[in-house]
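Engineer: Provided herewith is a single structure, encoded as structure tokens, for subsequent inquiry.
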Amino acid sequence: MLGFEQIIFNPAVLAAFAAAMMGTFALWANPARVINRLFFSGSLHVALWLLCLEMALFGQDGLYWLRMATAVGAFLPAHLWIVKESVRSQRGFLHFRNWWFAGLIGIILAWICFSDWFIPSHSTPDNRLRGLGYYAYMIGVIGLYLILCVQTMLQARSTVGVKKLELQVLLLGGCAACFAVISLMVLNAISHDSVYIKLQPIVVLTFYGGTAWAMLTSRVFDARHMLFIGLQKLFLVLAVSLFVWVANELLAMLMPASLAFILAVGLGLWFAASAGPWFQLVFDLNLRGEDARRAAFEAARSGSRPEQLEPAFVQLLKSWSSADHAYVLTHMNGQLRGSKMELPVNGPVAMALTELRWATPERLARQRLEGHGLALQQFMEKAGLGVMVASGGHSLSLVLAVSVPVTRRPFTYPQVAQLLELASIIESAMERAQFSVKAQHAEQLATVGLLGASLAHEIRNPLVTIKTFVQLLPKHYDDPAFREKFFRLIGDEVSRIDRLTEQLLDLATPRAYAPRMIELHPVIHTAVELASAKAEDRRIRMIKDFQATPDQVYTDPSAVRQVLLNLCFNAIQAVETQDGDRWIKLTTSRQVDSILLVIEDNGPGISAEMLPRLFQPFQSSKSTGFGLGLAICSDILNGLKATIAVDPPVANRGATFRITFPCQAS
């Protein structure tokens, strides 16, 4: 007879206790959900079956408890059928039609278990006998599971959304567990080896626990994905085991057995790390996530401004999810804002996302919700969202939201993990773009400051002319020629002042650049006009040699002015320290599908040490400024599909920058 400790720590008893605890946890997680309540009752059912099986194997009256265990097991198909129906209709078993059919078959099978048809009363442990009822029981139980399998498969085809996934998981896990138990019972009947019966608790706990976890956890899983992951791990373990065995056998011929085993294990770990990605590729896991990740990096590199990046990322999310709508919300002035959606950072929806980090309607339905969680659930339902993920600390910096896919399939946890990774990439790209915009605005203001003194001189001249004519007007008012000249001059000078102030305001105002077909030479003339006063004050000649014909390019004129002014002021600051003749030359030439603009000077040039990092932020050889000008110029031109480069340093020659503008939209 077994002692108390032997009974308590027996695998079957521990499995029964684990099953009961899983059911209790499921009920505690969300007692209002029907399937959680049914899993609680199912867990008690499985625990009772395991305890009866334990008593049949090790109790005093083994035959009685064997009959009891099989009788309890006869009702498991009915219980599993009720769970399946609850997945479809989300109602209790009293509402199900024909629920009594499986129960009636269970009663008949349970009655067979206590008859001599099942196991004759004169059967002994040394001479085990099985009656026709035993095999009728097997056929009946297998038949019920087959009917359940076929019915679940048919219903899964006509079901959509999370119910479809749960039916698939139930079919994969529940039926696999039951067929495994039946197979072990058949093997026991054939071989009369009790080891197959002893394996039943482990098999049941493994399959039942996995199925319960997949259906009750906040993470939704696809049965196909779970199956492929299981096969991937299984084949990987088999391949690594075979590799280690072969390596150990070969190495044992050359060195001591212990050293050969250690070396073989080390080689096996290397083989597992190398073969893992290959097995993942073979089983087609996460390929869509890899494609989306590469597309996100490509989108981040191709755009440098938030208004460019947001549409690109929205399109990426829609393509990745097969959904009609997607939203990228970034943190601005206490609000999470994106196109057609806005959330207050301190609102209940954002607060709930701060705690959860990701949410799907299925996750929220499986949890016990209060306060912020309920607000998030209502918001997602109203907006038709299938998933939301958040990135950032206590104050969210980014939220991604995607509507329910057109297939109506819920987002599984592997997809949520992919979206969280995409959110990290998108957050970095958006933060970099926002920083670039702020830095560009700061550089624009600095450029406006440099222009201030020169423009003051430019504006003073027409004002002096106007003042002089106003003072002379009373004496020469009757002179028609004077009046005509006065009115013409006043109009020209006011237009000149107006043009200068408009250019100054346009330069100082942050904006989203929009490329279009323009004539390049007039834009260059405008930029040179703004910088020429400062150049003349430093006795620097501005040389223009425009030979590109025609000069139409696809770009933004305001962006071109910003870049040219930055390069011209850099050149002025470099050339003004030189002696003798000082000049800055701008030339244009026609290429095949572009126009090349060259800005060169006869200053000291660029050092070889500075050249590799010239277009990186905070790189400057001047004692003033932040070293952002050239980095911003590079970002602006990249966003407009233009390029900027600098010639390698040559002795006794200044700096030469080359800008290539496309002649048509890419």
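Just so you know, all these numbers are worked out from the coordinates, no wet-lab data involved. Everything quoted here is computed from the prediction, not taken from an experiment. Here the Cβ positions follow ideal geometry from the backbone for every residue, glycine too, while neighbour counts run over all protein chains shown.
Engineer: Work out from phi, with θ = phi - 60° and the Karplus expression 6.51 cos²θ - 1.76 cosθ + 1.60, the ³J(HN,Hα) of each residue of the stretch 273-278, listed in order in whole Hz, and give x for Gly and Pro.
Structural biologist: So the J values, rounded to whole Hz, are 5, 7, 7, x, x, 5.
Engineer: What FRET efficiency, computed as 1/(1 + (r/R0)^6) with R0 = 56 Å and r the Cβ-Cβ distance, is obtained for Leu234 and Arg658, rounded to the nearest 0.05?
Structural biologist: About 0.40, to the nearest 0.05.
Engineer: Something else now. Along the Cα→Cβ direction, 7 angstrom out, place labels at Ala365 and Glu421. What is the inter-label distance in nm?
Structural biologist: Rounded to a tenth, the inter-label distance reads 2.8 nm.
Engineer: Mind listing the phi-derived Karplus ³J(HN,Hα) values for the stretch 243-256, rounded to whole Hz, using 6.51, -1.76 and 1.60 with θ = phi - 60°, and x for any glycine or proline?
Structural biologist: 4, 5, 5, 5, 4, 5, 5, 6, 5, 4, 6, 10, 8, x
Engineer: Taking 0.36 nm per residue of sequence separation and subtracting the Cα-Cα distance, how much length would be gained by fully extending the chain between Val246 and Gln547, in nm to one decimal?
Structural biologist: My answer for the length gained is 101.0 nm.
Engineer: Given a Förster distance of 56 Å, report the FRET efficiency between Phe101 and Lys340 from their Cβ-Cβ distance, rounded to the nearest 0.05.
Structural biologist: Efficiency, from the Cβ-Cβ distance: 0.65.
Engineer: To the nearest 0.05, what FRET efficiency results for Lys382 and Trp28 with a Förster distance of 35 Å applied to their C-beta separation? Present the calculation step by step, with values, prior to reporting the outcome.
Structural biologist: Numbers: r = 29 Å, r/R0 = 0.84.
With R0 = 35 Å, the Cβ-Cβ based efficiency is 0.75.
Engineer: Go through the stretch 594-599 residue by residue and turn each phi into a ³J(HN,Hα) via Karplus (6.51, -1.76, 1.60, θ = phi - 60°); whole Hz please, and just put x for glycine and proline.
Structural biologist: 7, 10, 9, 10, 10, 10
Engineer: I'd like to compare 372-383, 29-40, 62-73: which one has the highest average count of other Cβ atoms within 10 Å, and what's the full order after that?
Structural biologist: 62-73, 29-40, 372-383
Engineer: Please list, ordered by chain and number, the residues whose modelled amide H lies under 5 Å from the amide H of Asp556; skip anything fewer than 5 residues away on the same chain.
Structural biologist: Here Arg516 satisfy the definition.
Engineer: Need the full-extension length gain, Gln308 to Leu187, defined as separation in residues times 0.36 nm minus the C-alpha distance. One decimal, nm.
Structural biologist: Taking 0.36 nm per residue and subtracting the Cα distance, the gain is 37.0 nm.
Engineer: Okay, next question. Collect residues whose amide H, placed 1.01 Å from N in the peptide plane, falls under 5 Å from the amide H of Thr656; neighbours closer than 5 in sequence don't count.
Structural biologist: Asp647
Engineer: Further question on the same structure: Sequence-distant or interchain residues sharing an amide H contact under 5 Å with Gly392, placed H: which?
Structural biologist: Result for Gly392 returns Ser397.
Engineer: Could you grab the relative contact order for the stretch 513-666? Cα pairs under 8 Å, six or more apart, rounded to a whole percent.
Structural biologist: Values: 286 pairs, mean separation 38.5, N = 154.
Computed over the stretch 513-666, the figure is 25 percent.
Engineer: Where does each of 553-566, 344-357 land if you order them by average Cβ count within 10 Å, highest first?
Structural biologist: Ranking, from highest mean packing down: 553-566, 344-357.
Engineer: Need one number: nm distance between label points at Phe17 and Arg432, each 7 Å from Cα along Cα→Cβ, rounded to one decimal.
Structural biologist: 5.5
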